[in-house]
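Remarks on the structure that follows.
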Amino acid sequence: MSERVINIGLCGFGVVGQGVLDHLERKRSVLREQLGVNIVVSRIAVRNLSKARDINVDPSIVSGDALSVALDPDVEIVCELMGGTGIAREVTVAALKAGKIVITANKALLCDHGEELLSLAREHDGHLLFEASVAGGIPVIKAIREGLVINEFSSIYGILNGTCNYILTRMANEGLSYPEILVEAKELGYAEAKESLDVDGIDAAHKAVVLAYLAHGKWVALEDVRRQGITDISQEDIQFAKNSGYAVKLIAVVDRDRALNSLRVSVLPTLVSKQCSLGSVDGVHNAVAIHGDVVGETVYIGPGAGRDATASAVISDVVDAAKLLIFGGPEGGYPFLDPAPRNGSNIVLASAKDLKSRYYVRLVVVDKPGVMAEIASVLAAREVSLASVTQKEVGEDEERVSLIITTHLTTEQAILDVVEDLGNLESLEEKPFSMPIGNFA
Ligand code: HSE
């Protein structure tokens with residue numbers, strides 16, 4: 001009997017696409033042994049046909065037309081590794097309508113069009129697999145969908161952007177500013193093509209939206225994610241954190257309040273205790289802590305970006321797709337497995353008045369009498385209680401000084417109001433910078 005061959009079409013052949021091909025080739029015999037089939041990359045779509053690449057491929061399988069690769073009748077599995085939401089969506093929609101299995105690493109595509117794409121997969125007996133879309137090499141989607149399937153999740157929080165974590169770690173260790181480090185993150189293949197996606201927290205927000213959907217069955221719109229990036233973080237914030245037993249991390253939170261039937265998704269710079277599991281997750285590593293009602297808290301840590309980590313996750317989906325084809329296949333039929341078993345469409349978004357945290361606020365003020373009294377009265381008017389105030393002595397001729405305040409527990413609404421009121425004071429020299437002080441295990 002001739003060997004069963006499963007053909008893959010790679011749409012996108014950048015850092016990740018080349019990593020997927022490389023590792024599939026290297027592990028061909030292992031996969032053959034495990035699955036009893038030969039997995040072959042039979043077509044590759046590239047954006048630029050003349051671009052030199054690190055990896056050599058037979059030019060006859062390379063095309064500039066991603067749609068023709070996705071719709072090639074011999075291609076059973078389509079890997080969408082192009083990024084963006086334009087042509088990537090067209091290719092994914094076309095392949096799903098043709099009943100194919102689509103694998104994507106594209107968190108922006110899922111965040112913006114996940115609902116549509118999953119219904120297309122359901123309607124046309126296809127599948128959409130996306131392990132590589134969140135937390136790179138960490139199998140966190142499998143953890144939520146499979147390993148923790150019996151749990152209801154109260155909170156998920158994590159470091160979901162490798163580039164930002166890499167930048168923040170080097171800012172802390174080497175005292176550099178973020179633009180200097182971003183250049184290297186790009187060279188290492190961690191960063192998105194548009195740097196704003198990373199440093200403004202958009203990429204982490206896309207990923208948090210995917211996690212919120214998997215855990216709660218609700219698609220939260222990107223504009224409903226409370227989001228702040230890392231561009232306003234200064235060395236003063238990093239040094240304050242270091243001296244107080246914290247690290248500054250960009251933390252994504254998916255919090256469910258069952259009593260209020262609400263959900264909160266946010267991505268914010270956060271002071272994280274060095275003692276807690278996320279506090280010492282450094283460099284390009286990601287970490288995700290998941291609290292389930294049956295299991296308690298589980299924490300997953302590993303490389304969150306880069307060629308090999310992402311390829312590892314994509315290939316785990318390739319193997320799942322191959323199993324679907326081997327054990328079912330369109331003729332025999334294979335069931336569409338809903339990635340989010342619960343329908344959470346009736347869940348409401350949490351109100352800032354119901355969310356509580358301690359906060360850190362940094363102010364740059366004119367160094368003159370009465371300023372501290374003004375600031376204290378703004379906090380008092382919003383019923384925010386001060387926990388500490390730090391002001392470093394500056395020279396007699398300096399006109400500006402930094403003031404760092406920490407608060408006791410207060411609502412997010414109160415701190416938003418305080419920051420707005422402080423920003424209106426004449427003695428403020430810069431926009432205030434604030435971040436929550438995390439209360440994580
Ligand atoms: N730019 C992303 C990151 C790539 O740095 O995490 C992985 O999704």
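Which one is nearest to the ligand (Cβ to nearest atom), of the residues in the range 225-236 that are among the charged types (D, E, K, R) and closer than 18 Å to L263 by Cα? Break it down into steps so the answer makes sense when it comes.
Taking the range 225-236 first, the residues among the charged types (D, E, K, R) are 226-227, 232, 236.
Next, from what is left, pick out any that are closer than 18 Å to L263 by Cα: 226-227.
Details: R226: 20, R227: 15 Å.
Looking at the filtered set, the residue picked out is R227.
Would you check if there is a residue in the range 391-398 being among the polar types (S, T, N, Q), in a strand (DSSP E or B) and closer than 30 Å to V254 by Cβ?
Quick first cut of the range 391-398, residues among the polar types (S, T, N, Q) only: 391.
From what's left, in a strand (DSSP E or B): 391.
Okay, now just the ones that are also closer than 30 Å to V254 by Cβ, so none.
Scanning the range 391-398, I find no residue that is among the polar types (S, T, N, Q), in a strand (DSSP E or B) and closer than 30 Å to V254 by Cβ, so the answer is no.
When you go through (1) modelled with pLDDT of 95 or more; (2) within 16 Å of the ligand (Cβ to nearest atom) one by one for A305, which number turns out not to apply?
(1)
On the basis of being in the same structural domain as I315 (by TED's automatic domain parsing), at pLDDT 95 or above, in a strand (DSSP E or B) and not aliphatic (A, V, I, L, M), does G17 make the cut? Spell out how you get there, then give the answer.
On the way: in the same structural domain as I315 (by TED's automatic domain parsing): yes; at pLDDT 95 or above: yes; in a strand (DSSP E or B): no; not aliphatic (A, V, I, L, M): yes.
Judged against the criteria, G17 is not a match.
Can you tell which of E131, E174 is among the acidic types (D, E) and surrounded by fewer than 22 Cβ atoms within 10 Å (Cβ to Cβ)?
Details: E131 fails: surrounded by fewer than 22 Cβ atoms within 10 Å (Cβ to Cβ).
The unique qualifying residue is E174.
In the range 190-224, how many residues are assigned to a loop (DSSP other than H, G, I, E, B) and within 16 Å of the ligand (Cβ to nearest atom)? Walk me through it before giving the result.
Narrowing the range 190-224 to residues assigned to a loop (DSSP other than H, G, I, E, B): 190-194, 200-201, 217-221.
If we keep only those that are within 16 Å of the ligand (Cβ to nearest atom) too, we end up with 190-194, 200-201.
Residues in the range 190-224 being assigned to a loop (DSSP other than H, G, I, E, B) and within 16 Å of the ligand (Cβ to nearest atom): 7 in total.
Return yes or no: is G302 in contact with a Lys or Arg (Cβ under 8 Å, 6 or more places away or on another chain), more than 30 Å from I347 (Cα to Cα) and not β-branched (V, I, T)? Outline the logic, then answer.
Working: in contact with a Lys or Arg (Cβ under 8 Å, 6 or more places away or on another chain): no; more than 30 Å from I347 (Cα to Cα): yes; not β-branched (V, I, T): yes.
Criteria not met by G302.
I'd like to know if the range 76-97 contains one or more residues that are crowded, with 22+ Cβ neighbours inside 10 Å, among the polar types (S, T, N, Q) and outside the structural domain of Y190 (by TED's automatic domain parsing).
Looking through the range 76-97, at least one residue is crowded, with 22+ Cβ neighbours inside 10 Å, among the polar types (S, T, N, Q) and outside the structural domain of Y190 (by TED's automatic domain parsing).
So how many residues does the range 140-156 have that are out of contact with any helix residue (DSSP H, G or I) (no Cβ under 6 Å at 6 or more places or on another chain) and within 16 Å of the ligand (Cβ to nearest atom)?
Matching residues across the range 140-156 total 1.
Taking the range 165-181 as the region of interest, how many residues are within 16 Å of the ligand (Cβ to nearest atom) and touching a helix residue (DSSP H, G or I) at 6+ places or on another chain (Cβ under 6 Å)?
Residues in the range 165-181 being within 16 Å of the ligand (Cβ to nearest atom) and touching a helix residue (DSSP H, G or I) at 6+ places or on another chain (Cβ under 6 Å): 6 in total.
Select from the range 429-440 the residues that are out of contact with any strand residue (DSSP E or B) (no Cβ under 6 Å at 6 or more places or on another chain) and either polar (S, T, N, Q) or surrounded by 14 or more Cβ atoms within 10 Å (Cβ to Cβ) (or both) and list them in ascending order.
As a first pass, look at the range 429-440 and keep what is out of contact with any strand residue (DSSP E or B) (no Cβ under 6 Å at 6 or more places or on another chain): 431, 439-440.
If the condition is that a residue be out of contact with any strand residue (DSSP E or B) (no Cβ under 6 Å at 6 or more places or on another chain) and either polar (S, T, N, Q) or surrounded by 14 or more Cβ atoms within 10 Å (Cβ to Cβ) (or both), then N439, F440 are the ones that fit.
Could you list, in sequence order, the residues of the range 12-28 that are among the charged types (D, E, K, R) and in contact (Cβ under 8 Å) with a residue 24 or more places away in the chain? I'd like the intermediate steps shown before the answer.
So in the range 12-28, the residues among the charged types (D, E, K, R) come out as 22, 25-28.
Selection gives D22, K27.
When you look at D237, is it surrounded by 18 or more Cβ atoms within 10 Å (Cβ to Cβ) and either within 18 Å of G304 (Cα to Cα) or hydroxyl-bearing (S, T, Y) (or both), yes or no?
It is false that D237 is surrounded by 18 or more Cβ atoms within 10 Å (Cβ to Cβ) and either within 18 Å of G304 (Cα to Cα) or hydroxyl-bearing (S, T, Y) (or both).
If E152 passes every condition in (1) in the same structural domain as A322 (by TED's automatic domain parsing); (2) within 19 Å of A252 (Cα to Cα) but one, which one does it miss?
Going through (1) in the same structural domain as A322 (by TED's automatic domain parsing); (2) within 19 Å of A252 (Cα to Cα) one by one, E152 breaks only (1).
Anything in the range 37-59 that is modelled with pLDDT of 95 or more and of a type in the set (G, A, S)? List them, or say none.
S42, A45
Using the structure shown, decide if S388 is closer than 30 Å to S277 by Cβ, in a strand (DSSP E or B), at pLDDT 95 or above and in contact with a helix residue (DSSP H, G or I) (Cβ under 8 Å, 6 or more places away or on another chain). Don't jump to the end; show me each part of the working.
Working: closer than 30 Å to S277 by Cβ: yes; in a strand (DSSP E or B): yes; at pLDDT 95 or above: yes; in contact with a helix residue (DSSP H, G or I) (Cβ under 8 Å, 6 or more places away or on another chain): no.
Against the criterion (closer than 30 Å to S277 by Cβ, in a strand (DSSP E or B), at pLDDT 95 or above and in contact with a helix residue (DSSP H, G or I) (Cβ under 8 Å, 6 or more places away or on another chain)), S388 does not qualify.
Given the conditions (1) within 16 Å of the ligand (Cβ to nearest atom); (2) assigned to a helix (DSSP H, G or I), and given that R32 satisfies all but one, which numbered condition is not satisfied?
Status for R32: all satisfied but (1).
Do the conditions hold for G162, that is, is it at negative phi, near the ligand (Cβ under 10 Å from one of its atoms), within 20 Å of the chain's Cα centre (by Cα) and assigned by TED's automatic domain parsing to the domain that holds L250? Break it down into steps so the answer makes sense when it comes.
On the way: at negative phi: yes; near the ligand (Cβ under 10 Å from one of its atoms): yes; within 20 Å of the chain's Cα centre (by Cα): yes; assigned by TED's automatic domain parsing to the domain that holds L250: yes.
Answer is yes for this residue.
The values are calculated or read from the model by the stated rules, or taken from the named source; none is laboratory data. Bear in mind that the values here come from a model prediction, so they are computed numbers and not experimental data. Using ideal geometry, Cβ is built from the backbone for each residue, glycine included, and neighbour counts are taken over all protein chains shown.
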